[in-house]
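Here's the structure, in structure tokens; my notes come after.
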Amino acid sequence: MTLYFVFAAIMIGLNYLIQKLNELVIEPFICQNFGVNDFLHIFYCSTYPFDMPELMGSIVAVGITYIIKFFLDKYIVFKKTETKLKETSLEFIKYFGFAILTTIENIGIQFLLRNYLNTPLEISVIIALSIGYLTKFFIDRKFVFITENGE
């Protein structure tokens, strides 16, 4: 369990780094150069009624970190040595099915903290991802990376 949370802390840092990169580099570039495109303006550059660049940055950051975390969890945390495509594919599908639920939880918490409580990005990321990773650990242990003895 300790390794899980060490990796979760690293993923929180990576998530924050990706979101800051989006905020400081990617969003200004896209919105200045392509913001006249109605689709991009509405779904990425708009800040009214909600901060869409932040929401999209959060979604991308969570997606990237979940892919990395899947492999860390499978092979290091839960010590699964099975590399057969069928088993790994099934684990991957279950992992990302549950990841969708915890991603909604993460992004929802972060969205509420930022838009309704005006919580700074750094604090909202830490709170939302900590809750999400704790939820994800128990789900993964119970339903995704099942060992021979059922744990």
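The values are calculated or read from the model by the stated rules, or taken from the named source; none is laboratory data. As the structure is a computational prediction, the values presented were derived from the model and not from experiment. Cβ placement follows ideal geometry from the backbone for every residue including glycine, while neighbour counts extend to all protein chains displayed.
Among the residues of the stretch 131-143, what is the count of those that are farther than 17 Å from K80 by Cβ and either under 11 Å from the mean Cα position of the chain (by Cα) or surrounded by 17 or more Cβ atoms within 10 Å (Cβ to Cβ) (or both)?
2
Quick test for you: out of T65, T102, pick the one residue that is surrounded by 12 or more Cβ atoms within 10 Å (Cβ to Cβ), among the polar types (S, T, N, Q) and in contact with a Lys or Arg (Cβ under 6 Å, 6 or more places away or on another chain).
Sole residue among the options that is surrounded by 12 or more Cβ atoms within 10 Å (Cβ to Cβ), among the polar types (S, T, N, Q) and in contact with a Lys or Arg (Cβ under 6 Å, 6 or more places away or on another chain): T102.
Pick from E105, E82: which is of a type in the set (D, E, K, R) and either touching a residue at least 12 places away in the same chain (Cβ under 8 Å) or under 18 Å from I64 (Cβ atoms) (or both)?
Details: E82 fails: either touching a residue at least 12 places away in the same chain (Cβ under 8 Å) or under 18 Å from I64 (Cβ atoms) (or both).
After applying the criteria, what remains is E105.
Look through A8, A61 and report the one residue that is within 27 Å of T135 (Cβ to Cβ), of a type in the set (G, A, S), at pLDDT 90 or above and touching a helix residue (DSSP H, G or I) at 6+ places or on another chain (Cβ under 8 Å).
That would be A61, the only listed residue that is within 27 Å of T135 (Cβ to Cβ), of a type in the set (G, A, S), at pLDDT 90 or above and touching a helix residue (DSSP H, G or I) at 6+ places or on another chain (Cβ under 8 Å).
In the stretch 14-55, how many are within 16 Å of the chain's Cα centre (by Cα) and surrounded by 14 or more Cβ atoms within 10 Å (Cβ to Cβ)? Reasoning before the result, please.
Here is the first cut: in the stretch 14-55, the ones within 16 Å of the chain's Cα centre (by Cα) are 14-22, 53-55.
From what's left, surrounded by 14 or more Cβ atoms within 10 Å (Cβ to Cβ): 14-16, 18-22, 53-55.
Residues that pass the stated criteria total 11.
State which residue is modelled with the highest pLDDT when the search covers only the stretch 68-83 and only residues that are among the β-branched types (V, I, T) and surrounded by fewer than 18 Cβ atoms within 10 Å (Cβ to Cβ).
I68
Can you name the number of the only condition in (1) under 13 Å from D140 (Cβ atoms); (2) touching a residue at least 24 places away in the same chain (Cβ under 8 Å); (3) not basic (K, R) that A61 fails?
Among (1) under 13 Å from D140 (Cβ atoms); (2) touching a residue at least 24 places away in the same chain (Cβ under 8 Å); (3) not basic (K, R), A61 violates only (1).
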